[in-house]
Amino acid sequence: LSGFGSGACLVSFYLRVGGGIFSKGADLGGDLVGEMSESKFDEERRVFELQQRMENIANTRKERLQKGLEDDEEEALDQLRLLEEEMQDICADLHPIDFLDEIGEVICDVTGTCADLFESMVLILSTSAIIGAKISAVPHFLTGLPFWIVASGNIGCAVATFKVHCTE
């Protein structure tokens, strides 16, 4: 059990370090390719202009409603459809490397959190099993008790998840 706990600590450490390295590499790669891409500023400008146009449409609609004028839904929807098509064209032109930085951050956060949780759970289980084996006259019961507690928690989580998914 002590070897398992030590191994979990090492794996957790390497996952956190590896996630950090991947995140930094993704950040640097995104920055390097982003510097080479001159069209990025043009795309950002176009997106900003489209956002301004959407705000203008919304403001015009609010002003018409405040003045008591009839709201022309069809015209507003047509304008929004045109804006949506332009946004799709812009998104189709984006380079996949633009998303690499965000993906690196997510991977770093997820692996770090999962590794920490795994390490904590393994160390708690192994420590409590070792202590239970040493302090009890009947070592089998107190050695297995932490595992039974974790197993009952897992079963409870599975039942709760099943209940939530079935009712939704």
note = Residue pairs within 8 Å by beta carbon, gap of at least six or interchain, first lying in the range 128-142 and of a type in the set (A, V, I, L, M, F, W, C), second assigned to a loop (DSSP other than H, G, I, E, B) and surrounded by 13 or more Cβ atoms within 10 Å (Cβ to Cβ), listed first then second, are Ala129/Leu1; Ile130/Leu1; Leu142/Ser136
query = Taking Glu63, is it more than 13 Å from Gly104 (Cα to Cα), surrounded by fewer than 14 Cβ atoms within 10 Å (Cβ to Cβ) and modelled with pLDDT under 85?
reply = yes
query = Across the range 1-27, what is the number of residues that are in contact (Cβ under 8 Å) with a residue 24 or more places away in the chain, exposed (fewer than 14 other Cβ atoms within 10 Å of the Cβ) and within 19 Å of the chain's Cα centre (by Cα)?
reply = 2
query = Say we look at the range 116-168 and pick out the residues that are under 20 Å from Ala8 (Cα atoms), of a type in the set (A, V, I, L, M) and under 25 Å from the mean Cα position of the chain (by Cα); which of these is surrounded by the most Cβ atoms within 10 Å (Cβ to Cβ)?
reply = Val122
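The values are calculated or read from the model by the stated rules, or taken from the named source; none is laboratory data. It should be emphasised that the depicted structure is a prediction, and the values quoted were computed from it without experimental measurement. Virtual Cβ from ideal backbone geometry, glycine too; neighbours counted across all protein chains shown.
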